[in-house]
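Beneath this line is the structure, given in C-alpha cells, with notes to follow.
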Ligand SMILES: *Cc1c(COP(=O)(O)O)cnc(C)c1O
C-alpha cells in the first residue's frame, strides 16, 4: 500500500460556530489528493493544506464532464469519538461510477485507510451540536491536457470536507413535491446509477422550475415512458401503500443509495414488508385517491429521511398523511440517526470508528 504524506497547514482557520454551519459553506484546513497516470497508476497520495487547484484549460473534466463523486459524513458520538457510516458502500459505488465513465478505479482498502487518515487529521472539525456532522466529498476527475475525445488517461482523486449543520434546525418537516413530466434525470443504459456530476447538471432546470412554483423538489419519472417513479430530487423515494413499503427497483437509471439500502434493512427487520419494484405514477395516484397511500418520504445521506407532505401532478395537488410526518418515516429517521451519531447500538456493524 502506498504511503500518505501529510503536510500540515501553517495557518489553521478559525472554526465556524456550530449553529451557523448550513451546508457546504465552510471547508476544513486540509484536503486529500492523489494522482493517476497510466505509467504510475495511483500515486503521490498526500494530505495537504486546503487550497485552489491548478488545472490546464484543456483538462478533460472541463470539457467532457468526466467527473464522479461521493458524499458521506463523519459523526461525533456522545463520548466524543468520531465515526463513519458504511464507508465501504461509498467506495464500492465510487468504483462502479468510475467503471461507467471510464475513469481509473481506486483500491478500496487504500481509499478507506486514506479516508480514515484524512478524517483523523480533521477530527477537530467534526462539529458537536445536535444533528451536525462533517460532510466528506470524495471526487475523481479526468485531467488529460488535450481536447481530443478519447478514454481518460490521467486523473485526480481528491477529498474535501465541510462541517454541516442539522438538516432540520426547526425539526423534521414535510415538503411539497412536484411530479416532473417534461425533463428526465437519467435513462437506463445511461449514467443514472452513477454519482456523476453531469446527472446533476441535467436535473438543474426541472429543480429550478419546481422551486419557482413553490415546491422543494421534483419527483422524477423514467426517461423512456415517463410512467414509472424513479427518485425525488437527489434522494431515493419510498411510499407506504396499504401497509407495504414500495420503492422503485434499481433498474440502472436510479442511484443505489446507501440510505435506501439501510432503510430497506431496518424495515424488513421491523417486520414491515418492502417491495422493490416498478411503481407507475398511475398506481401512485390511485393510491392517493383511494387513501391507501399512508406515507411517502425521500432518503439520502444529507437529510436521512425527508417526509413528503404534498404531491402535485399536473394541476392536481394531493396531501399525504395530513402533511404530517408518518410513523414509519419517523421510525427510520430515529433509528438511522441514533446509529449514525452513536446514540444507539449498531447491531449491523455499519459504523466505522476513526
Ligand atoms: C447521492 C444520491 C442519492 C442518495 O444516496 P445516499 O448514498 O443514500 O446518500 C440518491 N439519489 C441521487 C441522485 C444521489 O445523487
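Numerical summary
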read-out: Residue 249 vs. criteria more than 21 Å from the chain's Cα centre (by Cα), away from the ligand (no atom under 11 Å from the Cβ) and assigned by TED's automatic domain parsing to the domain that holds residue 321; value: no
read-out: Every residue from the range 56-68 that is touching a strand residue (DSSP E or B) at 6+ places or on another chain (Cβ under 8 Å) and not in a helix (DSSP H, G or I); value: 56, 58, 59, 65, 66, 67, 68
read-out: Among residues of the range 69-114, those that are in a loop (DSSP other than H, G, I, E, B) and closer than 25 Å to residue 23 by Cβ, counted; value: 7
read-out: The one condition in (1) within 16 Å of the ligand (Cβ to nearest atom); (2) assigned to a loop (DSSP other than H, G, I, E, B); (3) surrounded by fewer than 20 Cβ atoms within 10 Å (Cβ to Cβ); (4) under 19 Å from the mean Cα position of the chain (by Cα) that residue 198 fails to fulfil; value: (2)
read-out: Number of the condition not met by residue 332 [criteria: (1) in contact with a strand residue (DSSP E or B) (Cβ under 8 Å, 6 or more places away or on another chain); (2) surrounded by fewer than 18 Cβ atoms within 10 Å (Cβ to Cβ)]; value: (2)
read-out: Residues being under 19 Å from residue 76 (Cα atoms) and surrounded by fewer than 17 Cβ atoms within 10 Å (Cβ to Cβ) - total across the range 132-151; value: 1
read-out: Selected residue [within 16 Å of the ligand (Cβ to nearest atom), assigned to a strand (DSSP E or B) and within 22 Å of the chain's Cα centre (by Cα)] from 296, 302; value: 296
read-out: Members of the range 92-109 found to be within 12 Å of the ligand (Cβ to nearest atom), touching a residue at least 40 places away in the same chain (Cβ under 8 Å) and closer than 21 Å to residue 119 by Cα, listed by number; value: 93, 94
read-out: Unique match (being away from the ligand (no atom under 16 Å from the Cβ) and crowded, with 16+ Cβ neighbours inside 10 Å) among 309, 314; value: 309
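The values are calculated or read from the model by the stated rules, or taken from the named source; none is laboratory data. This one's a predicted model, so the numbers in the text were calculated from it and none came from an experiment. Because the Cβ atoms are built from the backbone with ideal geometry, glycine has one as well, and the counts that use them run over all protein chains shown.
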